[in-house]
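Undergrad: Below is the structure I would like to discuss, written out as structure tokens.
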Amino acid sequence: RNKVLACRYNTDEKTIIDLFESAQGKGNICGSQDSIVVDHCHVTGEIRGILCSNHNIALGLFRDNPLHLKNAIDYLIKR
């Protein structure tokens, strides 16, 4: 798996292994250990971290736009 991820993200296996080890196998947002994936910027291709698949999908649906995420947080707080 590490070899495939390294190829996909144009890096080496050690970088992938270090990434998972530094996150202790947990998603950087929620700490879940279920369905962990590599998160990356679709513009630069740069790896950002490890997320559960739900949060990775959510960021994609928000198109990685911090303003939209902030508006969503504000909306949830008001409700």
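The values are calculated or read from the model by the stated rules, or taken from the named source; none is laboratory data. If you're wondering where the values come from, they're calculated on a predicted model, not measured in any experiment. Methodologically, a virtual Cβ is constructed for each residue, glycine included, from the backbone with ideal geometry; neighbour enumeration extends over all protein chains shown. Accessible surface is based on the protein model in full, side chains and every heavy atom, while ligands, DNA and RNA are left aside. Shrake-Rupley method; radii C 1.70, N 1.55, O 1.52, S 1.80 Å.
Undergrad: If amide hydrogens are placed 1.01 Å from N in the peptide plane, which non-local residues have theirs closer than 5 Å to the one on His40?
TA: It is Arg48, by chain and number.
Undergrad: Something else now. What is the percent carbon and sulfur in the accessible area of the chain, measuring with a 1.4 Å probe over the protein chains and ignoring ligands?
TA: Values: 3170 of 5880 Å².
Ligands and nucleic acids excluded, carbon and sulfur reach 54 percent.
Undergrad: Output the relative contact order of segment 1-67, whole-number percent, from Cα pairs under 8 angstrom with separation of 6+ residues.
TA: Values: 74 pairs, mean separation 16.0, N = 67.
Answer for segment 1-67 is 24 percent.
Undergrad: Please calculate the 1.4 Å probe accessible area of Ser22, with all protein chains present, and give it to the nearest 10 Å².
TA: Per-residue accessible area (Ser22): approximately 90 Å².
Undergrad: Given Cβ point charges of +1 (Lys, Arg) and -1 (Asp, Glu) and nothing else, what value in debye, to the nearest 20, does the dipole of the chain about its Cα centre take? Don't skip to the answer; put the middle values down first.
TA: Values: 10 positive and 9 negative charges, 58 e Å.
Its charge dipole is roughly 280 debye.
Undergrad: With every protein chain left in place, what is the accessible area of Leu61 in Å² (1.4 Å probe, nearest 10)?
TA: Counting only protein heavy atoms, the figure is 140 Å².
Undergrad: By how many nm would the segment from Asp64 to Lys14 lengthen if fully extended, with 0.36 nm per residue of separation less the alpha-carbon distance?
TA: 15.3 nm
Undergrad: Kindly report, to the nearest 10 Å², the accessible surface of Val4 as traced by a 1.4 Å probe over protein heavy atoms only.
TA: The value for Val4 is about 90 Å².
Undergrad: So, for the chain, what is the accessible surface per residue at a probe of 1.4 Å, expressed in square angstrom? Provide the component values of the computation, followed by the final result.
TA: On the way: 5880 Å² over 79 residues.
I get 74 Å² per residue for this part.
Undergrad: What are the lysines whose alpha-carbon lies under 27 Å from the alpha-carbon of Lys78, with same-chain residues fewer than 8 places away excluded?
TA: Candidates past the 8-residue exclusion: Lys70.
Undergrad: Still on this model: What ranking of Ile50, Ile29 comes out by heavy-atom accessible area, probe 1.4 Å, highest first? Don't skip to the answer; put the middle values down first.
TA: Working: Ile50 0, Ile29 100 Å².
Final ranking, largest accessible area leading: Ile29, Ile50.
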